[in-house]
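The values are calculated or read from the model by the stated rules, or taken from the named source; none is laboratory data. Values in this document were obtained by computation on a predicted structure and should not be read as measured data. Reconstructed Cβ throughout: ideal geometry from the backbone, glycine too, with neighbour counts over all protein chains shown. We work out accessible area using only protein heavy atoms, side chains counted, and drop any ligands, DNA or RNA first. Shrake-Rupley method; radii C 1.70, N 1.55, O 1.52, S 1.80 Å.
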Amino acid sequence: MSLVALSELLGASVRDASGAVRGRVREIAVTPQEHPTRIAFLIVRTSDGERMLPVASVKSAGSRVRAATDASAWERYSPSDGVLLLKRDLLDQQIIDVHGRKVVRVNDVEMESTPINSHVSLNVVAVDVGARGAIRRLSKGVVPSFTLRALLERIPPRVIPWQYVNLIETDPARRVKLKIAYEGLSKLHPADIADIVEDLPPADREAVFETIDEEVAAETLEELDPDIKLAVVESLDRDRVADIVEEMDPDAAADLLGELPAEHTGDILKQMQPEERREVAQLLEFHEHTAAGRMTTEFLAVADTAVVDDAIEALKRFEGSREALATIYLISSVQTLVGSVPLVKIATSSPSAQLAHLSEDPVFCAPDTPQNEVAALFDKYNLITLAVVDEHGRLSGIITADDVITMLRHRD
């Protein structure tokens, strides 16, 4: 058993059973529907056209290939669907390296050569995404083989095992794109997924958002560069976008839809569930660069007569963002904001303790407060959340620290 690189096989001379050189290897083919890793045949360029040399007829494979049959027995090659060609479909393609949290390029493909009776079996075992594969390709035919082997032994391997690779057909030309299994992608932090997506070409960005679940897609969408975010949304079907937007914080959803053409926004709103549609439509009425335009309507508020145990029950039922959990607001009998309790106080107090006794004076602002003043309030009071109240003192929404960070990052 030994490892053979794709770059080593490509261009290798091929001798038939008579010992005569009959051509050179142009491609290596896998038929995934028959076997996901096994090489089915080599495509050999001969003097009378391209021929298919079945691996079952290959005695040895490396920088030279020996066949156990005469060239006259090799069938002519004609392109067909369902065949993965390693050079065409894998070399230099981009791949999502989940463990490295980035997009890398396939420099080579590693195969395992195993002797079986009078022939060898070739199986794909990994894709090389490191310097070793790149140097092997660049040095072929330039550096003597023994010198190259010594050099490659000094370079640590950087490969992705084939079992972690998932082949996905993404375009009409039937070029097979190489991706790490999306199940692994979905386990990454949304910010890491966003970094990966931003490095992908447009068609592959769309493929990611079509595949990962709506909740992960929503969190990832919020982390994307604004221009890329809009491009992704505009590339997806309206119903798919609606499913993703429903999982976003209402303020983020409103910001996103506010950047789209009115017709596009209207189509997405129609596809959304009534409650989510109502929340987002309400926020769309506010100017983006004000407190109301930055706030979310998902917050925790309980009566000012409640105890810690009541707040804990409210926490269990809350479906908003984790950032909004940092503060529980107290509301009077006439729905006005009268206090705020940090989550840490609830966690460290007796279940029967009155929230009013744990309350702090809430910091708040009006809906039309400019966003630069909102940022100043967060800075002055070291806030995690900021309440937004209407002219009657009623709590309309809250702004969270992550919203402010996003606002400052994207501010001109």
key: Rounded FRET efficiency, nearest 0.05, which uses the C-beta distance separating SER72 from LEU230 and R0 of 60 Å   = 0.50
query = From the phi of every residue in the stretch 280-293, what ³J(HN,Hα) in whole Hz does the Karplus formula 6.51 cos²θ - 1.76 cosθ + 1.60 yield, where θ is phi - 60° and glycine or proline is x?
reply = 5, 4, 5, 5, 5, 6, 8, 6, 4, 9, 10, 4, 5, x
Calculated from backbone phi, Karplus (6.51, -1.76, 1.60) coupling profile of the stretch 389-398 in Hz, x at Gly/Pro = 10, 7, 5, 9, x, 8, 6, 8, x, 9
Karplus-derived 3J(HN,Hα), 6.51/-1.76/1.60, for each residue of the stretch 196-205, Hz, glycine and proline x = 5, 4, 5, 8, 8, x, x, 4, 7, 4
note = Low-density loop GluC sites (Glu not before Pro), the stretch 314-412, at most 13 other Cβ within 10 Å, DSSP non-H/G/I/E/B, are GLU319, GLU391
note = From the Cα centre of the stretch 179-249 to that of the stretch 69-94, the distance in Å is 34 Å
request  = Using amide H atoms built 1.01 Å from N in the peptide plane, name the residues 5+ places from GLY339, or on other chains, whose amide H lies under 5 Å from its own.
outcome  = LEU330
query = Going from most exposed to least, what order do HIS264, HIS289 have by accessible area with a 1.4 Å probe?
reply = HIS289, HIS264
query = At what distance in nm do the modelled label points of SER350 and VAL334 sit from each other, each positioned 7 Å from its Cα along Cα→Cβ?
reply = 3.3 nm
Mean ellipticity per residue at 222 nm, deg cm²/dmol - from DSSP H runs of n ≥ 4 across the chain, formula -39500 (n - 2.57) = -10000 deg cm²/dmol
ask   = Between THR114 and ASP92, how many nm apart are label points set 7 Å from Cα along the C-beta direction?
value = 3.3 nm
task = Answer with one residue from LEU236, VAL120, ALA217: the one whose Cα lies farthest towards the positive end of the charge dipole of the chain, charges on Cβ with Lys, Arg +1 and Asp, Glu -1.
result = VAL120
key: LYS270-GLU34 pseudo-label distance in nm [points 7 Å out on the Cα-to-Cβ vector]   = 5.0 nm
message = I'd like the accessible area for ARG294, computed on protein heavy atoms only with a 1.4 Å probe and all protein chains in place. Round to 10 Å², please.
response = 30 Å²
message = Can you give me the % of accessible surface on the chain that is carbon or sulfur? Probe 1.4 Å, all protein chains present, nothing else counted.
response = 49 percent
request  = Compute the FRET efficiency between ASP239 and ARG317 as 1/(1 + (r/R0)^6), taking r as their Cβ-Cβ distance and R0 = 30 Å, and round to the nearest 0.05.
outcome  = 0.60
query = Hey, of (i) 20.0, 61; (ii) 23.6, 79; (iii) 30.1, 98, which did the structure itself give for Rg and Dmax of the Cα atoms in Å when calculated?
reply = (iii)
task = Could you please put TYR381, TYR77, TYR329 in sequence from largest to smallest accessible area, using a 1.4 Å probe?
result = TYR381, TYR77, TYR329
Solvent-accessible area per residue for the chain (1.4 angstrom probe, square angstrom) = 50 Å²
key: Förster-model FRET efficiency, 51 Å R0, ARG149 and LEU408, C-beta, rounded to 0.05   = 0.45
key: For ASP70, residues with placed amide H under 5 Å, excluding near neighbours   = ALA17
key: Helix 250-259 vs. the chain, principal-axis angle (Cα, 0 to 90°, nearest 10)   = 70 degrees
